[in-house]
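Quick note: the coordinates plus some simple rules give every number you see, no bench work behind them. The structure presented is a predicted model; accordingly, all values stated were derived computationally and were not measured. Methodologically, a virtual Cβ is constructed for each residue, glycine included, from the backbone with ideal geometry; neighbour enumeration extends over all protein chains shown.
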Amino acid sequence: MARSRTSSSVLFPLRHLAGLALLAGGALLGGNAHGAAEGTEGRTPHVSARLVAAADAVAPGERVTVGLAKRITPGWHTYWRNPGDSGLATQVHWQLPAGAAAGPLQWPAPERQALGPVVNYGYAGEVTLLAEFTAPADARPGDVLDIAARAEWLVCSEVCIPEQLDLNLSLPVAETTRTTAHSAITAARARLPQPAPWPARYSRDAHGLQLAVDSGALPAGRGEAWFFPYEWGVIDHAAAQPAQTGSDGLRLTLAPGPLGGDAGPAVLEGVLVIGDGSGATRAYELHAPLGTAASAATPAPPAVGLATALGFALLGGLILNLMPCVFPVLAMKVIALVRHGHGGRDHAARHGLAYLGGVLASFAALAAVVLALQAGGARLGWGFQFQSPLFVLFAAWLLFAVGLNLSGVFMVGGSLAGVGQSLTERGGYAGSFFTGVLAALVATPCTAPFMGVAIGFAMTQPPASLLSVFLALGLGLALPFVVLTLQPALLGRLPKPGLWMLRLKQALAFPMYAAAAWLVWVLALQTGADGLPLALGGMVAIALAAWLHEAARHAAPRIRRTARLGGTALLAATLVAASSLQPAAVPQTHSATAAPASLLPLETYSGTRLAALRAEGRPVFVNFTAAWCITCLVNERVALERPEVAAAFAAREVAYLKGDWTNQDAGITAVLNAHGRSGVPLYLYYPAGAGATPVVLPQLLTADIVLQAIAPPPG
């Protein structure tokens, strides 16, 4: 009776805490309701339009993306920057606050609009033209910036009508820019041409202009290909563009226009749109010089077969066990080995096989997702799921919950099997299975040696081959643990369970907290400041729900039910709040992967900047990375950010470009694919000279490897 009274008196406030949990959940739902700024819609007889922004507030002196979003009446169209045979491009005349600026318009890839013998370039349906808006440096938080624009366009069907609208947008000023995801801007960004990762050139002959794109790694299953020049009159817009494809790339024959003869441009610039055969298209920005060799032939990806890819995947999976991203799961592995090692060989072996099952099931599920997205036209790379802020958020919460469990904040039974380690203790083989799932989860941001070739091969193969390579990778990841559970001699040398094991388990919770903190940092890069309250508030909610769960364990049944109901409601509210999280375009200058304290003079990668540096004859080192790629971050710390490397770069005038793949970037994905890779890191060194072939560095770097790569050839 005394125990019951004490338990009731201590745990009675849990009823009230459950109610507070419900209120906190409601506050969490209401605290994430940011919306992108947009102006009032204006209408003409054939077009409705408004100004929109990818933010609901901007900081002084910072940039946000704004757009002119148009909805065009069916059967009518407006025009691209080069309208083709006839028409006029849309013009936007900005009226901005003092000290503000708007960059040039960014045009989504156009469509061919044929009307009899005339072919125009333009848009039908919905289209958004983008521009980068820079707030005045002297703006003060609390001010409201009034952005106005007069938009003029020609809209045509069988007749053409000039139209115009005066539009406006109010954008508050805040201490920090609050970027958001506006559907119109997101759709426009997806249609923007990406810098082509392949060298291109053009020449003249008796048949016309010959445009050559030198790569055998163009999108598979190509349909039609069309080139849209930026300059009017360079080509005959209505003429056919016969295409030839082969192992060396794509060749287009273009009929010259009135400005495309002998006095044509020194560089043919425009957009290449390539179909994949299913109706989907991809657009690339080309800069093709006249009559010169391609800027640098991209080496063809290594030719491998399925057997070689399976072997490489197995080796890559084995090496993943040594990568820093898998370290947090070593806590579970060590404790599991100790616990199972003294229960007999069969007992340990069954746990090893359960762990193997969890790893393989995870990689099979990942392969299924890849196949489904590829069927929908997506172009993916290894670690693509970490480009989703929602996935990063859930992964951070999961690792935080595992850390709480390892710290002893709560114990769970089968109902909360997903947190892994406690199931190893209380849930039998299910614990080992979910430990395997967690190992696969934290391994996916990493790329080990041999993996790049194997995954790059798998991404271009039929479903059965892709699944086989993914399973081989999972087998390699799980194999060391499984082998240990099958070796009685090795298991017999492990110390007996004791208090040391509890202390080790508690100590090794901290890598889980560190991993969760790292993922919150990644989330901040993807969503801006808006994602932080949700991530941190969710962690508080998880901790409170876990404490309620454990504190109510010995309470009276009614109190226990009330407390756990409150904890469950709080978790449910947290998940609902998470569903509102959306990616936002964080300015490149805010990317933490481009550390301001870098020893190397850093520039942001673009195909145009790379081509310009190479045309100057400078050597260039390109680092393709991502904030969620631990291998990338480790390489930067131990190899690139070294005084001797910085000194060598300066002495040889090596330009350093960094391509950030933290968020989806179709241009970087194309470069990865062109080099037979499906994920980061990728390191390319272009020696001095416009025609030099790039050197592909290993995925694990040391300072010596970098120094040897950039060293001048002997003699």
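So how do 403-409, 602-608 stack up, highest first, on mean other-Cβ count within 10 Å? Don't skip to the end; give the middle numbers.
Values: 403-409: 20.6, 602-608: 17.7.
Highest mean packing first, the order is 403-409, 602-608.
Give the peptides 59-70, 174-185 in descending order of average Cβ contacts within 10 Å, highest first.
Values: 59-70: 22.3, 174-185: 20.6.
Ranked by mean Cβ neighbours within 10 Å, highest first: 59-70, 174-185.
Would you order Arg50, Arg558 from fewest to most other beta-carbon atoms within 10 Å of each residue's own beta-carbon? Present the calculation step by step, with values, prior to reporting the outcome.
Numbers: Arg50 22, Arg558 10.
By the 10 Å Cβ count, ascending, the order reads Arg558, Arg50.
Apply 1/(1 + (r/R0)^6) to the Cβ-Cβ distance of Ala464 and Ala368, taking R0 = 22 Å, and write down the FRET efficiency to the nearest 0.05. Before the final figure, lay out each step's value.
Numbers: r = 12 Å, r/R0 = 0.57.
Once rounded, the FRET efficiency stands at 0.95.
If neighbour count is taken as other Cβ atoms inside 10 Å, put Glu550, Glu152 in order from fewest to most. Working shown, then result.
Details: Glu550 18, Glu152 15.
In order of increasing Cβ crowding within 10 Å: Glu152, Glu550.
By its C-alpha gyration tensor, with a ≥ b ≥ c as the square roots of the eigenvalues, how is segment 588-710 shaped: rounded for a/c under 1.5, else prolate for a/b larger than b/c, else oblate?
The shape class here is rounded.
Using r as the Cβ-Cβ distance of Glu644 and Ala572, and R0 as 51 Å, what FRET efficiency do you calculate, to the nearest 0.05?
It comes to 0.40.
From the square roots a ≥ b ≥ c of the eigenvalues of the alpha-carbon gyration tensor of segment 42-190, which class results: rounded (a/c under 1.5), prolate (a/b over b/c), or oblate?
It is prolate, given that a/c is not under 1.5 and a/b is the larger ratio.
In nm, to one decimal, how far is the modelled label at His207 from the one at Gln708, with both set 7 Å along Cα→Cβ?
That separation, rounded to one decimal, is 4.5 nm.
Grab the beta carbon distance between Asn168 and Thr608, set R0 = 30 Å, and tell me the FRET efficiency rounded to 0.05. Before the final figure, lay out the partial values.
Details: r = 33 Å, r/R0 = 1.10.
Efficiency at R0 = 30 Å is approximately 0.35.
Cα centroid distance between segment 119-156 and segment 34-76, in Å?
7 Å
Under 16 Å Cα-Cα from Lys505, which aspartates and glutamates qualify once same-chain neighbours fewer than 8 residues away are excluded?
Glu425
Taking loop as defined by DSSP and a crowding limit of 16 other beta carbons within 10 Å, which trypsin sites (Lys or Arg not before Pro) in segment 464-517 fit?
Working: sites: Arg493, Arg503, Lys505; in loops: Arg493.
Hits after loop and neighbour filter: Arg493.
Which net charge results when you count Lys and Arg as +1 and Asp and Glu as -1 among the other residues whose beta-carbon is under 11 Å from that of Ala188? Please report the intermediate quantities before stating the final value.
Numbers: positive: Lys70, Arg189, Arg191; negative: Glu126.
Residues near Ala188 contribute +2 overall.
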